[in-house]
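Coordinate-derived values only; no laboratory data. Values in this document were obtained by computation on a predicted structure and should not be read as measured data. With ideal geometry, Cβ positions are generated from the backbone for all residues, glycine too; neighbour counts draw on all protein chains shown.
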Amino acid sequence: MRGKPTEAIQQNTQAALDAQQDAFITGNATAQAEQIAIPSVVAVPNFVPANDRVNKTIRISRALETKLKREALRRSEKTGARVTESDLIEIALKALLSK
């Protein structure tokens, strides 16, 4: 049941795209484009574009992994915004490497 909302969104989006394509082909693109609802973009705090990040695989102890998960959860609950383990690693590395 988890995938159903996403499937519905994809189906609605695909239907809208199909209608837009048909309107373009028939020459009625302007009128059709006004009827298509485009979802609004949600701002993500501290968003870093994907092209500014690279994947880096590291191995850490289980104890450190557990502490990292708990700290990410604690900060997420405290701020009300999602704080990931990657965010915490980046913060720690910046502090370490800026010395």
Filtered residue count, region 50-81, keeping only those that are loosely packed, with under 12 Cβ neighbours inside 10 Å, of a type in the set (A, V, I, L, M) and outside any loop (DSSP other than H, G, I, E, B): 3
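Scanning for something exposed (fewer than 10 other Cβ atoms within 10 Å of the Cβ), part of a helix (DSSP H, G or I) and among the hydrophobic types (A, V, I, L, M, F, W, C), does region 82-94 turn up at least one residue? First the steps, then the outcome.
Of the residues in region 82-94, the ones exposed (fewer than 10 other Cβ atoms within 10 Å of the Cβ) are 94.
Those still in the list that are part of a helix (DSSP H, G or I) too: 94.
Still in the running and among the hydrophobic types (A, V, I, L, M, F, W, C): none.
No, region 82-94 contains no residue that is exposed (fewer than 10 other Cβ atoms within 10 Å of the Cβ), part of a helix (DSSP H, G or I) and among the hydrophobic types (A, V, I, L, M, F, W, C).
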